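**Student:** Here you go, one structure.
The values are calculated or read from the model by the stated rules, or taken from the named source; none is laboratory data. Computed from a predicted model, the values in this text were never measured in an experiment. Virtual Cβ from ideal backbone geometry, glycine too; neighbours counted across all protein chains shown.
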Amino acid sequence: MLSMFGLGPAEEGVYRLLVARAGANADLLAAETGREPAEIMPLLTALARRGLAVSGADGEPSVATVFTAAPPAVALGGTLRQRRDDLRAAEEALLVLTEEYRDAAASGGGIVEVITDPCAVRHRFIQLQESARHEIRAMMVQETTVVQREHNTAETAGVRRGVLYRTIVQRDMLGQPGVVGEALDALAAGQQVSVAESVPVKFMIADRDVAMVPLIPAHRTSPASILIQACGLLESLLAYFELAWERAYPLSPNTVGGVTEIRPDGLDETDARVLALVLAGLTDQAAAGQLGVSRRTIQRRIGELMLKAGAESRIQLGWIAARRGWA
């Protein structure tokens with residue numbers, strides 16, 4: 001945790017012990033850490049040199065010399081403020097460079113970058129996620145060869161720092177070994193995953209800044225990719241994703257260790273059976289006989305389904321039901 005201040009694990013451990021005590025010498029710290037006093041002394045000396053500890057000795061300290069910890073807010077606060085200032089200055093410099101890059105790309109036709117080398121594609125794929133500050137939007141298909149999900153450490157790091165991942169997967173992917181488990185892990189980590197019947201192309205977008213798409217969509221296993229900077233083309237991809245997201249069905253963990261599609265406009269089991277029988281050509285009376293209900297019940301349920309679908313006829317209901325996946 002304190003490595004950013006230049007402390008190694010052993011130094012940090014000793015400093016934490018000192019903070020928890022009014023004072024301690026090398027003999028006491030050695031007993032608590034399982035080290036030899038001769039190992040503790042260089043660590044205490046290093047802490048004193050950094051201003052993190054104070055020796056009670058007038059001269060050269062010994063293993064019996066009592067050391068006390070300097071107040072963390074005083075000893076580390078200045079360094080922390082300096083790091084913050086440095087980061088703020090670096091962020092401002094990055095914004096200037098980004099604007100210069102975009103201006104140069106726009107004037108030189110570099111808004112779209114073609115990458116064909118697999119190592120370069122893999123590197124840019126990781127960079128794209130590491131650059132995200134707010135959100136990653138992604139559409140996934142079955143074939144992925146550049147970076148396997150289990151090797152995508154940038155995704156894990158992004159989630160930890162608060163980046164929202166929204167991913168649309170093609171429904172038949174859920175039948176692949178391990179995919180449901182990966183979806184459950186993603187959901188547990190706070191990611192959002194939705195499923196669509198068909199995903200025509202895979203891509204990933206970091207914030208509203210840059211996107212990566214395949215160079216040749218028909219060859220999904222090819223690593224060759226296109227990197228698209230902020231422009232009208234990227235805005236089109238963002239709009240397409242949001243439209244697809246609205247039409248996709250969110251996944252949610254179920255009680256049997258799998259995932260379930262959440263369908264706000266879905267049907268209960270009885271309505272689904274009524275609709276299936278009527279669309280199969282059975283009369284209301286025949287459908288009622290199959291379900292063990294009255295003809296009037298069938299008519300009422302069909303009327304409610306037409307109202308729910310906004311259909312004016314049973315023929316239109318059939319078309320809407322097919323479109324929504326009701327039948």
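**Student:** Please go through segment 7-17 and pick out each residue that is surrounded by fewer than 20 Cβ atoms within 10 Å (Cβ to Cβ) and assigned to a helix (DSSP H, G or I). Outline the logic, then answer.
**Tutor:** Here is the first cut: in segment 7-17, the residues surrounded by fewer than 20 Cβ atoms within 10 Å (Cβ to Cβ) are 8-10, 12-13, 16-17.
Listed by number, the residues that qualify are PRO9, ALA10, GLU12, GLY13, ARG16, LEU17.
**Student:** In segment 147-184, what residues are surrounded by fewer than 14 Cβ atoms within 10 Å (Cβ to Cβ) and at pLDDT 85 or above?
**Tutor:** Quick first cut of segment 147-184, residues surrounded by fewer than 14 Cβ atoms within 10 Å (Cβ to Cβ) only: 148-151, 153, 156-157, 160-162, 175-178, 181.
Passing the criteria: THR156, ALA157, ARG160, ARG161, GLY162, PRO177, GLY178, GLY181.
**Student:** Which condition breaks for LYS308 when tested against (1) assigned to a helix (DSSP H, G or I); (2) charged (D, E, K, R); (3) without any contact (Cβ under 8 Å) to a residue 40 or more places away in the chain?
**Tutor:** Against the list (1) assigned to a helix (DSSP H, G or I); (2) charged (D, E, K, R); (3) without any contact (Cβ under 8 Å) to a residue 40 or more places away in the chain, LYS308 comes up short only on (3).
**Student:** For residues that are in a helix (DSSP H, G or I) and either buried (at least 17 other Cβ atoms within 10 Å of the Cβ) or within 41 Å of the chain's Cα centre (by Cα) (or both), tally how many sit in segment 18-27.
**Tutor:** Counting residues in segment 18-27 that are in a helix (DSSP H, G or I) and either buried (at least 17 other Cβ atoms within 10 Å of the Cβ) or within 41 Å of the chain's Cα centre (by Cα) (or both) gives 3.
**Student:** For segment 28-44, name all the residues that are buried (at least 16 other Cβ atoms within 10 Å of the Cβ) and not in a loop (DSSP other than H, G, I, E, B). Break it down stepwise before answering.
**Tutor:** So in segment 28-44, the residues buried (at least 16 other Cβ atoms within 10 Å of the Cβ) come out as 28-30, 35, 37, 40-41, 43-44.
Passing the criteria: LEU28, LEU29, ALA30, PRO37, ILE40, MET41, LEU43, LEU44.
**Student:** Within segment 267-278, restricting attention to residues that are at pLDDT below 85 and not hydroxyl-bearing (Ser, Thr, Tyr), which residue is farthest from the chain's Cα centre (by Cα)?
**Tutor:** Of everything passing the filter in segment 267-278, ASP271 is farthest from the chain's Cα centre (by Cα).
**Student:** Tell me whether segment 113-124 contains one or more residues that are surrounded by fewer than 15 Cβ atoms within 10 Å (Cβ to Cβ), within 30 Å of LEU234 (Cα to Cα) and basic (Lys, Arg).
**Tutor:** No.
**Student:** Restricting attention to segment 210-231, which residues are surrounded by fewer than 17 Cβ atoms within 10 Å (Cβ to Cβ), at pLDDT 85 or above and not β-branched (Val, Ile, Thr)?
**Tutor:** CYS231
**Student:** May I ask you to verify whether MET4 is touching a residue at least 40 places away in the same chain (Cβ under 8 Å) and assigned to a helix (DSSP H, G or I)?
**Tutor:** yes
**Student:** I'd like to know if segment 102-122 contains one or more residues that are at pLDDT below 85 and at positive phi.
**Tutor:** So far as segment 102-122 goes, yes, one or more of its residues are at pLDDT below 85 and at positive phi.
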